[in-house]
Amino acid sequence: MQDRFTVHTGAYRSIWHAFGKIVQEEGVGAMYRGLVPTMVGLVPYSAAYYFVYDTLTRSYRQFKKKPHLDSFETFLIGSFAGKINHSHQIR
């Protein structure tokens, strides 16, 4: 949907208008057209993120000798894992 709004500026009044028009003109299958390429790109990114997050969490817990992390520590580690993963994406 977002791609349609970007490419066809002004063609749709709202998200619901775009949804109805696409389904009417192209069928329900058009809503899933970009799903496979999106998933192909998303799965490796997510796997890499969770690997980095888990590694950082385990290392930090072992270093601090803590069985659990508080919300702020979890937030910081998650942010750092996302930054590391984002900076190492293939462009």
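Computed quantities for the displayed model
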{"quantity": "Checking ILE77 against (1) modelled with pLDDT under 90; (2) touching a Phe, Trp or Tyr at 6+ places or on another chain (Cβ under 7 Å), the condition it does not meet", "calculated": "(1)"}
{"quantity": "The stretch 65-87 - residue that is exposed (fewer than 10 other Cβ atoms within 10 Å of the Cβ) and either more than 16 Å from the chain's Cα centre (by Cα) or in contact (Cβ under 8 Å) with a residue 24 or more places away in the chain (or both) and, of those, farthest from LEU42 (Cα to Cα)", "calculated": "LYS65"}
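The values are calculated or read from the model by the stated rules, or taken from the named source; none is laboratory data. Predicted model only: the values in this text are computed from it and were never measured. So basically every Cβ, Gly included, is an ideal-geometry build from the backbone, and we count neighbours across all protein chains shown.
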